[in-house]
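One structure is given here, and the rest of the page talks about it.
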Amino acid sequence: MAGIDCCYKCAKELPDEGGFVTCQGCDECYHYGDCSISLSTYNGMGSKKKASWRCEKCREHKDTRKPREDSSSMDATLTPNEMLKVRSEIADVKSILVELRDQMKDIIKSQQFLSAQYAGID
Ligand SMILES: [Zn+2]
Ligand SMILES: [Zn+2]
């Protein structure tokens with residue numbers, strides 16, 4: 001039985017040449033229907049497409065490997081003007097945070113006041 005490949009999906013023996021499809025990514029073979037392609041779809045593809053067919057597993061891998069977003073280059077590419085803008089934006093955020101903090105203090109204070117009242121009642 002040497003030389004007979006098995007379907008990667010169902011692990012059954014593959015038919016003769018042409019009766020299955022080979023993934024160009026992982027080199028695994030599949031029955032038509034055990035992968036995302038049917039025989040008629042495969043036959044309808046051009047030879048170029050046939051030669052570059054990849055199974056779902058390989059395509060998933062390709063999809064998840066998205067091009068890296070350039071978040072780290074943000075600081076490096078800022079011009080002095082942009083830097084000033086970012087700084088003022090950060091200052092804005094800071095002032096909002098300070099405001100929030102003060103409000104929180106008030107809330108905590110009133111909470112403490114209330115619980116002190118309750119403690120007094122008991
Ligand atoms: Zn199969
Ligand atoms: Zn594959």
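The values are calculated or read from the model by the stated rules, or taken from the named source; none is laboratory data. All of these numbers come straight from a predicted model, not from anything done at the bench. Every residue, glycine as well, gets a Cβ built from its backbone with ideal geometry; the counts of neighbours run over all protein chains shown.
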query: In region 21-54, what residues are more than 8 Å from ligand 1 (Cβ to nearest atom) and in contact with a Leu (Cβ under 8 Å, 6 or more places away or on another chain)?
result: Cys29, Tyr32
- prompt: Of everything in region 33-62 that's more than 15 Å from ligand 2 (Cβ to nearest atom) and not in a helix (DSSP H, G or I), which residue is nearest to Ala11 (Cα to Cα)?
  reply: Gly33
- request: Residue by residue through region 51-88, note down the ones that are basic (Lys, Arg) and either on the phi > 0 side of the Ramachandran plot or at pLDDT 90 or above (or both).
  value: Arg54, Lys85, Arg87
